[in-house]
Amino acid sequence: MKVLILNGNPKKDGFVAGCLDRLAAALASGGAETETVRLADGNIRDCIGCFQCLRSGECPLRDDVPGLIARMTAADGFVIGAPVRNGATTACYKRFLERITYLLGFSLALEDKYTLALSSVGFMGGRGACREHLGLQGPFHTRLSGVVFRAVGMPPKVTPADLAPELDRAARRLIADIASRRPRSAGARLSFAVDRFVVGRFMLRKQPDLYAYIIECWKRKGYL
């Protein structure tokens with residue numbers, strides 16, 4: 001069982017980093033093989049919106065993203081952490097998310113993988129952004145194992161140690177979900193079906209040349 005841990009916080013330490021370290025230890029003690037990647041340390045260029053990946057399945061930019069995509073497709077699940085900034089995720093994580101959305105999201109390459117989302121905010125708001133973006137929902141439709149989200153105060157008054165029991169439970173649940181291949185809830189299955197219908201009917205069928213690679217992926221999955 002492989003779990004890829006992605007840290008989308010440009011800070012090297014702090015609440016998110018400490019929580020991810022605790023989760024990594026809990027996952028390892030439960031028998032999972034883990035790898036932690038700090039996105040701020042990588043060479044991740046901005047998406048230029050050329051749409052070549054939609055047509056061919058390859059991005060023309062040469063940086064660390066292809067290697068990260070390979071790690072994601074090889075993993076069974078993910079732990080993804082980043083703080084909420086101004087109601088959204090960090091620019092560091094957003095840049096990465098934009099680069100993988102077309103290749104891994106539209107193609108539904110991660111639909112059978114499980115995600116644990118972790119985030120913090122200084123004062124209030126942002127839980128939805130944590131669930132959607134760090135949980136790889138939206139076009140990715142990964143199976144959401146859990147969300148750990150805390151308002152930590154400004155300056156922070158909550159520490160990773162304060163969340164230790166919750167983090168350990170979240171790690172155990174992620175391991176159990178991956179091992180049992182826990183199915184989606186009825187609501188999640190309905191949402192997934194509706195999204196596939198809308199994308200297939202109003203995007204893929206209307207612009208087959210633009211979405212050639214995505215159409216190929218969907219046909220292999222039996223969705224078209």
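Quick note: the coordinates plus some simple rules give every number you see, no bench work behind them. Not measured: the values here are computed from a predicted model. All Cβ positions, glycine included, derive from the backbone under ideal geometry; neighbour counts span all protein chains shown.
Worth pointing out:
- Ellipticity estimate at 222 nm from DSSP helix runs (n ≥ 4, -39,500 (n - 2.57)) divided over the chain, nearest 500: -11000 deg cm²/dmol
- Spatially near lysine pairs across the chain, Cα under 21 Å, sequence gap of 8 or more or different chains: 10
- Relative contact order of the chain, defined on C-alpha pairs under 8 angstrom at six or more residues apart (%): 24 percent
- Loop-located trypsin sites (Lys or Arg not before Pro) across region 166-215 with a Cβ neighbour count of 11 or fewer within 10 Å are 181, 206, with loop assigned by DSSP.
- Extension gain from residue 124 to residue 169, taking 0.36 nm per residue of separation minus the Cα-Cα distance: 13.8 nm
- Potential extension, residue 221-residue 86 segment - 0.36 nm per residue separation minus Cα distance: 44.8 nm
- Sorted by Cβ neighbour density within 10 Å, fewest at the top, the residues 54, 224, 174: 224, 54, 174
- Acute angle (nearest 10 degrees) that the helix 65-74 long axis makes with the longest principal axis of the chain, alpha-carbon atoms: 80 degrees
- Where labels lie 7 Å past Cα in the beta-carbon direction, separation of residue 50 and residue 182 in nm: 4.1 nm
- Share antiparallel - DSSP beta bridges, the chain, percent rounded to 5: 5 percent
- Intensity falloff of the chain expressed as log10 I(q)/I(0), Debye formula with alpha-carbon point scatterers, at q = 0.18 Å⁻¹: -1.37
- Computed Kirkwood radius, in angstrom, where 1/r is averaged over Cα pairs of region 99-224: 16.4 Å
- Region 1-61: trypsin sites (Lys or Arg not before Pro) in DSSP coil with no more than 12 other Cβ atoms inside 10 Å: 12
- Under Karplus coefficients 6.51, -1.76 and 1.60, residue-wise ³J(HN,Hα) of region 79-95 in Hz, glycine/proline x: 10, 10, x, 6, x, 7, 10, 6, x, 9, 7, 5, 4, 4, 6, 4, 4
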